[in-house]
Structures are given as structure tokens and as C-alpha cells.
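Okay, so here's the structure we're looking at.
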Amino acid sequence: MDLLAYALLPNHFHLYVRVYPLEQLSIFFQQKTRAIGNFIGHLQNAYAKYFRAKNNSVGKGVVFQGRYKRKEVDTSSYRREIVHYLNKNAVHHGLVGKPDEYPFTSLQELLYDEVEPFVNRALVYQDFGGKAGFLRQSNDRLAYSKLDGDLEWL
């Protein structure tokens with residue numbers, strides 16, 4: 001899969017990934033249809049262990065409220081919306097005043113070439129008509145203001 005955007009916040013995280021079509025996946029993933037979901041579960045489990053050890057809270061309640069949620073993203077406009085939503089998530093939750101003030105989203109990687117990317121920049125830029133389109137739309141859409149409305153997450 002490719003990571004396209006993310007937001008890591010103190011009490012939750014968002015990952016926007018593109019899973020390859022079934023025929024492009026390795027035999028393991030073709031035969032184990034739940035493997036990607038299990039990967040996310042293992043990721044949450046590893047973080048929960050880290051969080052509990054760091055905060056000395058072993059055995060003191062749950063770390064996550066529930067299972068992860070996923071939604072199929074099938075249009076380029078919705079893909080653009082998700083990228084903007086995740087890059088503004090820290091503003092939405094009142095952690096910062098402007099999206100570029102929060103270092104734990106994909107925004108820095110998408111804005112600055114010198115930042116080593118975890119995201120697949122080429123795929124993200126493709127939906128915006130190139131990097132210039134992303135930068136132009138980011139200036140318009142991120143606009144350093146609170147998100148107007150939440151995306152619906154299933």
C-alpha cells in the first residue's frame with residue numbers, strides 16, 4: 001500500500017492509504033484477505049504498548065476508544081478533501097492555530113521537498129494536477145482557518 005496522508009494527534013491518528021488492486025498484491029495478501037486490517041490492528045497494539053509503558057498505565061483501561069474505521073475513497077475530489085482534512089486536523093482539534101504549525105501531519109512533507117517523505121508525493125500531487133496545483137489549492141483550502149465540516153468516517 002501507499003501512504004498518501006496522515007495526522008498523528010495526542011489522542012488519535014488518521015492514515016490515508018491506497019491499497020493496491022488485488023491482482024498486484026503478493027500471494028500472501030491475496031490469500032489472507034484480512035491481512036491489511038490485521039496490520040492496522042498490530043500497529044494500534046504496538047502503539048498502545050508504547051503509550052502504556054511511557055505513561056506508566058499498564059492495565060489501566062483502554063488506549064483506543066474502538067476499532068479503526070475505514071472508508072473506500074473513489075473520486076479524485078474526495079481524495080483531495082481527505083488530504084486537506086488530515087493536514088488541517090490539528091487546527092480542527094484546537095492544537096494549533098495554523099496547519100503548518102503542527103509537525104505531525106503529512107503537510108510538511110507535501111509542502112517542502114527537503115523533508116524526507118513517508119507519503120507518496122507523486123500520487124498525492126496527481127490528484128491536484130501536480131505539485132503546483134497542490135500548493136495553489138493548499139493556500140486556498142488550508143487558509144489557516146478551522147475546518148468547516150468533518151468528513152463522514154465509517
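What does the charge add up to near Val17, with Lys and Arg as +1, Asp and Glu as -1, over the other residues with Cβ less than 11 Å from its Cβ? Intermediate results must be reported in sequence, preceding the final value.
Details: positive: Arg18, Arg70; negative: Asp2.
Local charge sum for Val17: +1.
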Checklist entry - For Met1 and Phe51 in one chain, what is 0.36 nm times their gap in residues minus the Cα-Cα distance, to one decimal in nm? => result 15.4 nm
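What is the packing order of peptides 130-138, 73-81, taking the mean over residues of other C-beta atoms within 10 Å and listing the highest first? Don't skip to the answer; put the middle values down first.
On the way: 130-138: 15.2, 73-81: 13.1.
With the highest mean Cβ count within 10 Å placed first, the list reads 130-138, 73-81.
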Item to check | Contour excess over end-to-end distance, with Cα ends at Asn11 and Lys131 and 0.36 nm allotted per residue | outcome: 40.1 nm
Checklist entry - Summing Lys, Arg as +1 and Asp, Glu as -1, what charge do residues with Cβ under 12 Å from the Cβ of Leu3 carry, Leu3 excluded? => result 0
Checklist outcome for this item: With Tyr112 itself left out, Lys, Arg at +1 and Asp, Glu at -1 over residues whose Cβ is under 13 Å from its Cβ give -3
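Read the figures in this text as sums done on the coordinates, not as results from a lab. No experiment lies behind these values; they were computed from the predicted model shown. As a convention, Cβ positions derive from the backbone with ideal geometry for all residues, glycine included, and neighbour counts pool all protein chains shown.
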